[in-house]
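Right, one structure below, let's go through it.
The values are calculated or read from the model by the stated rules, or taken from the named source; none is laboratory data. From a predicted model like this one, the values you see are computed outputs, not experimental measurements. Note that each Cβ is placed from the backbone with ideal geometry, even for glycine, and that neighbours are counted across all protein chains shown. Side chains included, ligands, DNA and RNA excluded: accessible areas come from the protein's heavy atoms. Shrake-Rupley method; radii C 1.70, N 1.55, O 1.52, S 1.80 Å.
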Amino acid sequence: MTEILLYIFFLLCASLIFWGFSNKNKVYQYPFFMGFTFTTFILPQAIALVDYPGAAPERSIKQVLFMACLCIFMCWLGYKVPIPSSWLQKPVIHLNFKRLKMGAAVYVGIGLFFWSLVYSRPEAASLNQHWSGIITIYIFLAQLLNIGFTILLLETIKKPTRANILLLTIAVFMPLYRAFFAGRRTSLSFIFFSVALSVYFVRKRCIPRVFFVFAIFAATLVLFNIAQYRSFLMTGDWDLLRQINPIENLHSLINQNGKSTTLELRNAALLIDSVNQNSQYEFGTGYWDTIVFRWLPAQFLGSDFKESLKFNFGINHQSAWYELYGYKYPTGSTTTGIGDSFAQFDYFGSLVFGIIAFFFKYLWHRSLYRQDYVAQIAYILLITSAMTAITHGTANFIPELLYYILFLLPLLLWSRENRKLSNSSSIF
């Protein structure tokens, strides 16, 4: 049964990839991006987990593979739900793009300032980003750079003037720094997909589909070699960089030659099984607790007050793993969106991916068919968040969505032109 579920999961991954390749604009849509992420991040781990379960009981592997199949299927099914025509006709304000660009430049400046504060802190040298204290506030405000970068990117592609190119060069510096000098995969993905989507939205130019075949292969290698690259960044030992063998490392992962290799999908399997065994479902409260954790600074409000706002049912999944399986949670790893959505709503948690798919279909229609500038910004900003909902967890998607809404709205209202409302675009 385990092998059958693995084959079904493989076919579902392949189906979304081929769905994207069936039309030149489908490679920019949510189902393909999800197929891309499941194929590059989850599928190699699924093969490794089936062959070497480690601490995961056989039943947990069946459960996690079944949940993975449901999640990827919902990425397609949610996208098939029709958008009400009344939603697509919602009017919105016209924008003064000169003001919008000025606001974007301010956001870039603020973001660069707070990123400089982040990397001036001694704990930033660890590169693991499991930080606490004042640095978390710096990071919160530093994310404004993403908004500014996205707007400047769209404007530069639209009008590649010297001023726009200069502003964009300044804006892209920190994402590039984080990608290559801090080893952040998300920053590299954000740059790549932002450029690809912006060129398509503005110029209607498509990246050759064959390039995405190469991208799938390259992304798979990068994902499972990043730990060695970060070791090189921390030590400065060039021998570590020369020793990186991407193909061999991927082969070792799949065959579990190094049996201590961390598999996030194993974490997900144990989370699913322990939740089942102890009936420790969170019923959506984990999403609220993540918002409180991400948004409310304990430095100003106090730790006790912050904890009092959480539901926090006293569930300690990591402790349960040690008691049930003798498994210690690997620092820096995740339980994936497959695991955390199950912990909320059992197998019904897969519907979360269907809801996100429906949301992105709405943004896509507004972005492409209505030329909705604001929807284009939202689509570009959130697509990487949707992908990390698979790799890291669905609980992070809602805080990031709220963040961009909160900080985009003042910028949009300030850039508003006093003209008659148009049916050509809408905010969300």
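How big is region 1-147 by the Kirkwood estimate over distinct Cα pairs, in Å?
19.6 Å
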Between HIS94 and residues 5 or more places away or on another chain, the pairs with built amide H atoms under 5 Å apart involve GLU417, ARG419, SER422
Cross-link reach from LYS80 to lysines, straight Cα distance under 17 Å and at least 8 residues apart if same chain, gives LYS26, LYS361
Karplus ³J(HN,Hα) for region 168-175 (6.51 cos²θ - 1.76 cosθ + 1.60, θ = phi - 60°; Hz, whole; x = Gly/Pro) runs 5, 4, 5, 5, 7, 4, 5, x
Simple spin-label estimate for SER86/ILE216, 7 Å along Cα→Cβ, in nm, reads 4.1 nm
Expected field for ARG99, accessible surface area in Å² at 1.4 Å probe radius, rounded to 10, holds 100 Å²
Between the modelled labels at ARG203 and THR331 (7 Å from Cα along Cα→Cβ) the distance in nm is 4.5 nm
For region 199-211, in residue order, the Karplus 3J(HN,Hα) values (coefficients 6.51, -1.76, 1.60; θ = phi - 60°; whole Hz; Gly and Pro = x) are 4, 5, 5, 8, 9, 6, 9, 9, 6, x, 4, 4, 5
Extension length gain for LEU11 and ASN278 (0.36 nm per residue less Cα distance), in nm, is 92.9 nm
Expressed in Å to one decimal, the Kirkwood Rh of region 1-49 from all distinct alpha-carbon pairs is 11.0 Å
